[in-house]
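Data first, discussion second: the structure below is written as structure tokens.
The values are calculated or read from the model by the stated rules, or taken from the named source; none is laboratory data. This structure is a prediction, so every number in the text was calculated from the model and none was measured. All Cβ positions, glycine included, derive from the backbone under ideal geometry; neighbour counts span all protein chains shown. Surface accessibility is based on the protein's heavy atoms, side chains included, excluding ligands, DNA and RNA. Shrake-Rupley method; radii C 1.70, N 1.55, O 1.52, S 1.80 Å.
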Amino acid sequence: MSHFEVNFDGLVGPTHNYAGLSHGNLASMRHRGVLANPKSAALQGLAKMRALHEMGVPQAFLPPLERPSLTKLREFGFAGSDADILRRAQQEAPGLLRAVCSASAMWTANSATFAPGHDTLDAKTHITTANLISNLHRSLESDETAANLRRIFSGEGFRHHGPLRGGPTMGDEGAANHTRLAPAHSDPGLHLFVYGHSAYEPGTSAPGRFVSRQTLEASKSVARLNQLPPSRCCFLQQSPAAIDAGVFHNDVIATGNEGVLLHHELAFADGRAAIGRVERQYEELCGQKLLSIEVPAKRVSLAHAVDSYLFNSQLVTLPDGAMCLIAPEECEESTAVRAFVDDLVADPDNPIRSVRYFDLRASMRNGGGPACLRLRVVLDPSGWQTVPTGVKIDDRQLRALESWVERHYRDALAEEDLADPALVEETRVALDALTEIMGLPGLYSFQR
């Protein structure tokens, strides 16, 4: 096999909490102030990684960032000891404190956009780190994420591009708004970029309730940086009505895998015409028809799609070639969604043969389902060989990570705990131990 897909899941960090920082993300907004359980959140994520590993799906992980980030608070003008900085931040700028404590880097689908070497003009694998400028807590991640990606994907076959500059005109949310379609992961493919609005081109209406996070200008810039020829790119506008219904990323309303695109009837601004463009371009490029599976609004409403996160399921190819839907338990609990999924896997005319439901409630309460938790990376064997062993998931590494979480994570974290100086020390001890497990000393910049 020349190329294969690896899921790089985000390892949930020790400061996982519900600060309600993401405007337009209904789950995040609804659960602000709820008592969090970082230990349970991390173990739920590891349970999903373990299950996919046991199913034969190549699995790896990306480490959490250092949070709370005292470095960021110092950049915002706070000075003194760690305890002084935390106390002042809580008193003077509680919003900033919540932002620098966020564990949102766990949602690695937002971290970057990858283009594998068999799609690019220079035959290199290109990686553009997302700028995530729509929300402060996410924008603080970009430089740290870029450094981690450079460390993990450091082989000669990789080319890295930093986060786009240029302010809101270049808002980029990474692979949450990007889907690669191909007959198989080992085949060259079509890259579907979905944007919310254009800053300059006429005729792109914007949502009225929430702000769209991805611009057409950013999507086209990422495609150019990743050395993708125009024939391999398709740009579609997300439905403004869907954004206003809580669909803040395309991966909340559509998902794809190899030659299958699963999408809601109301996903795109141009409706069926948009899907027709994708189908025609895919057939011209790949020499076969795209299997487009539309979920009618009369079966699953936009509200049910957002509440259940049906489209934030992972669609993965198993070793036998069949596909499996990796869905949150909320889909199983919704009568309408469960009925649709049952019909989907029973249909012999598509390759989706099974569904697995997972308890990811800790992440779901912040608006991140199975697909948010993973970055899809298509690699060839030589590229995979250069990835550090310490981020690759196997039984031994899973046991080590599970034990690490049990030892270092709190089982309760409230908003007022974010100003606790002890939390800073606890997370630094934990991250020090993680670098040993990963075999990557110097991953974090703090001094202990």
(message) Looking only at region 370-382, count every residue that is under 22 Å from the mean Cα position of the chain (by Cα) and open to solvent by 10 Å² or more (accessible area, probe 1.4 Å) and tell me the total.
(response) 4
(request) Looking for whichever is in contact (Cβ under 8 Å) with a residue 40 or more places away in the chain and open to solvent by 10 Å² or more (accessible area, probe 1.4 Å) here; the options are Arg410, Arg396. Which one fits? (result) Arg410
(message) Out of the helices (runs of 4 or more DSSP H) lying entirely within region 1-102, which hold 1 or more residues that are within 23 Å of Gly442 (Cα to Cα) and open to solvent by less than 20 Å² (accessible area, probe 1.4 Å)?
(response) 38-54, 70-75, 94-101
(request) State whether the residues of region 169-179 include one that is part of a strand (DSSP E or B) and either at pLDDT below 95 or crowded, with 22+ Cβ neighbours inside 10 Å (or both). (result) yes
(request) Kindly indicate whether any position in region 248-261 is over 25 Å from Asp172 (Cβ atoms) and among the small types (Gly, Ala, Ser). (result) yes
(message) I want to confirm something. Restricting to region 218-268 and keeping residues that are closer than 21 Å to Asp307 by Cβ and among the small types (Gly, Ala, Ser), which single residue is surrounded by the fewest Cβ atoms within 10 Å (Cβ to Cβ)?
(response) Ala241
(request) Inspect all residues belonging to region 414-428 and state whether any of them is of a type in the set (A, V, I, L, M) and either within 23 Å of His160 (Cβ to Cβ) or not in a helix (DSSP H, G or I) (or both). (result) yes
(request) Considering only region 239-256, state which residues are under 30 Å from Asp122 (Cα atoms) and touching a Ser or Thr at 6+ places or on another chain (Cβ under 9 Å). (result) Asn250, Asp251, Ala254, Thr255, Gly256
(request) Search region 199-217 for residues being among the hydroxyl-bearing types (Ser, Thr, Tyr) and surrounded by fewer than 21 Cβ atoms within 10 Å (Cβ to Cβ), and hand back the single one that is nearest to Cys286 (Cα to Cα). (result) Thr204
(request) Mind listing just one residue for me: the one in region 322-359 that is touching a Leu at 6+ places or on another chain (Cβ under 8 Å), without any contact (Cβ under 8 Å) to a residue 40 or more places away in the chain and in a helix (DSSP H, G or I) and, of those, most open to solvent (accessible area, probe 1.4 Å)? (result) Glu329
(request) Take region 291-321 and flag every residue that is open to solvent by 20 Å² or more (accessible area, probe 1.4 Å) and either among the β-branched types (Val, Ile, Thr) or part of a loop (DSSP other than H, G, I, E, B) (or both). (result) Ile293, Pro296, Ala297, Lys298, Arg299, Ser301, Thr317, Leu318, Pro319, Asp320, Gly321
(message) Suppose the filter is without any contact (Cβ under 8 Å) to a residue 60 or more places away in the chain and assigned to a loop (DSSP other than H, G, I, E, B); does Gly155 pass it?
(response) no
(message) Can you find, within region 338-357, the residue that is nearest to Lys289 (Cα to Cα) among those that are touching a strand residue (DSSP E or B) at 6+ places or on another chain (Cβ under 6 Å) and of a type in the set (A, V, I, L, M, F, W, C)?
(response) Ile352
